[in-house]
Amino acid sequence: MAQTKKAEASAKGKARPVIPATMLPMEGISEVHVPEGIYLQRNDAMFTGMKHSQGEFSDFFRALRDEGKVLGNRCPECRHLIIPPFMLRCPACNFVEMKPEYVKDTGVMAATPVITVFAPSRFKGQEPFGTGRVFLETADGKLSDTAMLLRVRTTRGTIRPGIYKRGTPVKIAFYDSRQGEMLDVFAVPQDELTPQQLAKSPLLESEIEWGRLSEMEFGKPSPEQQKVFKEVRLHFQKLAEMITRSQRATANMANWRRTVNVRTGGGTFSFVVNQGKLQVRNTAAKNPDLVVAIEDPAILLTWLHDSTQPSGDHVKSPALTDLVIEGTLVLNKPELETITRLDRVPRSLRRDNVVSK
């Protein structure tokens, strides 16, 4: 009872609208230029609020919220174990009533998780995130017959290909504040945790060290890497200057403030995005909002060359977002908006016919 009240109090303390304020359109009418002429466009909204019951799943979600445990249903005759308990009676055994059973918080991935980069508005700000299915271990050391769908995370920056695959051993961790939904839990690779963390149940998010990009050691930079790194920093400064001469590029970076450290195999620098402007600094910031890491600075230089030259559609570099998706450019946390804003800049510069001086 005390745990339930604590969870309810915690949920109330963090109460927020289902529709984030950032998704609410501002009043106003704008002009849209189309081949037929100029159309007027008015901001409007159509929202539908609703409530729905967790129904027979409620015991499962209450176990997540109040006990930090995962609950399944097992057939007493055929011993079939399902997680979550989406059936109350076993169809293979003349619909005998299934019995609730707790399982361990360790298991293996059923398949390679799906990584979502461009998410619906409800999940804005959480991308990129991974979603996969996990077979959990039972008390007798076997695996559940069904796999539970949940988020997957990594302590080593953003989720990316290569961290998970079929059969990867995982540990289920719990958010400190839980409300009774699937987003209360997530999976972490077992090899990213200490023996003490693996043994603890429930393991809470606050007990895990996140954003461990320090483990990405690039080694001593070669003279060539140092030379390329200096060019990267110089071209970032050139890009910052060009943004000030482009109305579209300035709009790309407007209403956004971030201090970002850029770690490369040739060195580290930082830049600050502040209300439409980009400022480059020669050294790393002490408390950055975001850290990006890329071993080969030449890859970043190619993107900068394409961004600062009037190359039209004949670009040699993939977008920064693509580099994040493939794992070449690694972020210390799931926050893509800074990267996607930077990706809009080159096209804006070309549309405004801004060229490098």
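The values are calculated or read from the model by the stated rules, or taken from the named source; none is laboratory data. These numbers were taken from a predicted model, which means no experiment stands behind them. Ideal geometry is used to build each Cβ from the backbone, glycine not excepted, and the neighbour counts take in all protein chains shown.
Among the candidates THR155, THR131, the residue that is touching a Pro at 6+ places or on another chain (Cβ under 7 Å) and hydroxyl-bearing (Ser, Thr, Tyr) is uniquely THR131.
Could you list, in sequence order, all residues of region 230-272 that are among the small types (Gly, Ala, Ser), in contact with a Leu (Cβ under 8 Å, 6 or more places away or on another chain) and part of a loop (DSSP other than H, G, I, E, B)? Show your work before the answer.
Pass one, region 230-272, residues among the small types (Gly, Ala, Ser): 240, 246, 249, 251, 254, 265-267, 270.
Applying the additional criterion that residues be in contact with a Leu (Cβ under 8 Å, 6 or more places away or on another chain) yields 240, 246, 249.
Across region 230-272, the qualifying residue is only SER246.
Out of the residues in region 125-138 meeting the condition of being over 14 Å from ARG160 (Cα atoms) and in contact with a Ser or Thr (Cβ under 7 Å, 6 or more places away or on another chain), tell me which one is modelled with the lowest pLDDT. So, considering only residues that are over 14 Å from ARG160 (Cα atoms) and in contact with a Ser or Thr (Cβ under 7 Å, 6 or more places away or on another chain), the one modelled with the lowest pLDDT is THR138. From the list THR338, THR321, THR283, the lone residue that is of a type in the set (Ser, Thr, Tyr) and either assigned by TED's automatic domain parsing to the domain that holds PHE123 or not in a helix (DSSP H, G or I) (or both) is THR283. Looking at region 100-128, which of its residues are β-branched (Val, Ile, Thr), touching a residue at least 24 places away in the same chain (Cβ under 8 Å) and touching a Gly at 6+ places or on another chain (Cβ under 9 Å)? The answer is VAL103, VAL108, THR112, ILE115.
Taking only region 202-223 into account, find how many residues are outside any strand (DSSP E or B) and modelled with pLDDT of 95 or more. Full working, then the answer.
Step one: list which residues in region 202-223 are outside any strand (DSSP E or B), which gives 202, 205-223.
Then drop every residue that is not modelled with pLDDT of 95 or more, which leaves 202, 205-208.
Residues that pass the stated criteria total 5.
Regarding region 111-121, can at least one residue be identified that is farther than 30 Å from LEU320 by Cβ, surrounded by 13 or more Cβ atoms within 10 Å (Cβ to Cβ) and at pLDDT 95 or above? Steps first, please.
At the first step, the residues of region 111-121 found to be farther than 30 Å from LEU320 by Cβ are none.
Taking every residue of region 111-121 in turn, none turns out to be farther than 30 Å from LEU320 by Cβ, surrounded by 13 or more Cβ atoms within 10 Å (Cβ to Cβ) and at pLDDT 95 or above.
Any chance region 229-242 includes a residue that's touching a Gly at 6+ places or on another chain (Cβ under 9 Å), buried (at least 16 other Cβ atoms within 10 Å of the Cβ) and in the same structural domain as GLU67 (by TED's automatic domain parsing)? Checked against the condition, which is being touching a Gly at 6+ places or on another chain (Cβ under 9 Å), buried (at least 16 other Cβ atoms within 10 Å of the Cβ) and in the same structural domain as GLU67 (by TED's automatic domain parsing), region 229-242 yields no hits at all.
Taking the conditions (1) surrounded by fewer than 14 Cβ atoms within 10 Å (Cβ to Cβ); (2) in the same structural domain as GLU137 (by TED's automatic domain parsing); (3) not small (Gly, Ala, Ser) in turn, GLU192 satisfies each one other than (1).
The set of residues from region 141-157 being in contact (Cβ under 8 Å) with a residue 24 or more places away in the chain and of a type outside the set (Lys, Arg) comprises LEU143, SER144, ASP145, THR146, ALA147, MET148, LEU149, LEU150, VAL152, THR154, THR155, GLY157.
Hey, does region 146-154 have a residue that's charged (D, E, K, R) and modelled with pLDDT under 95? Looking through region 146-154, none of the residues is charged (D, E, K, R) and modelled with pLDDT under 95. Among the residues of region 139-179, those identified as at positive phi and surrounded by fewer than 20 Cβ atoms within 10 Å (Cβ to Cβ) are GLY141, GLY162, GLY167.
Scanning region 24-53 for residues that are surrounded by 10 or more Cβ atoms within 10 Å (Cβ to Cβ) and modelled with pLDDT under 85 yields one hit, LEU24. When the residues of region 88-121 are narrowed to those that are in contact with a Leu (Cβ under 9 Å, 6 or more places away or on another chain) and hydroxyl-bearing (Ser, Thr, Tyr), which ends up nearest to TYR164 (Cα to Cα)? So the residue we want is THR106.
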